[in-house]
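We did not get these values from a lab; they are worked out from the coordinates using the rules stated. No experiment lies behind these values; they were computed from the predicted model shown. Cβ placement follows ideal geometry from the backbone for every residue including glycine, while neighbour counts extend to all protein chains displayed.
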């Protein structure tokens, strides 16, 4: 009912193409696509969409909101600033020993360490090429890495086809159905 009530002009009862069978199929698809998600997380993402969009949500809209809630991302510029600063400080403090450089690498966020190895970090620390070229290339690569990870997070759990079971109590599922139509 929530989406139906929030966007009445999109779901007209006079529309011959829109009927109870269509509504049931729509609810079934939504339940399958969000079967592995926490019920309250989906509900909050739906509320966020309702508060910010004049159009009914697509499943992808809600998946993107959920991803933003669960996985806040550092921008590629912010990530580069961290890497650059840590590499520079580690290089100057290590004086050839390397322990400080390893320590600085270990202090980076996991998202950055998942993107680049310690060896890459060390290479950046000792690279003498112009800052702009290195920075630009690193940021482009990091952004592509983030997009791949986001795609995997959003789509990865829903690629097993029709074998997904609807999880949650009957009450939660019925509440979702009532709020959706």
At residue 23 and residue 106, where each label point lies 7 Å from the Cα along Cα→Cβ, what is the point-to-point distance in nanometres?
5.9
Quickly work out the residue 35-to-residue 89 label distance, labels modelled 7 Å from Cα along the C-beta direction, and quote it in nm with one decimal.
4.7
Calculate, axis by axis, the spread of Cα positions in region 76-154 along the three principal axes, and write the results as whole Å, longest axis first.
43, 25, 18
For residue 77 paired with residue 143, estimate the spin-label separation in nm (one decimal), with each label point 7 Å from Cα along the Cα-to-Cβ line.
1.1
Provide the FRET efficiency to the nearest 0.05 for the residue 123-residue 155 pair, computing r from the beta carbons and using R0 = 25 Å.
0.15
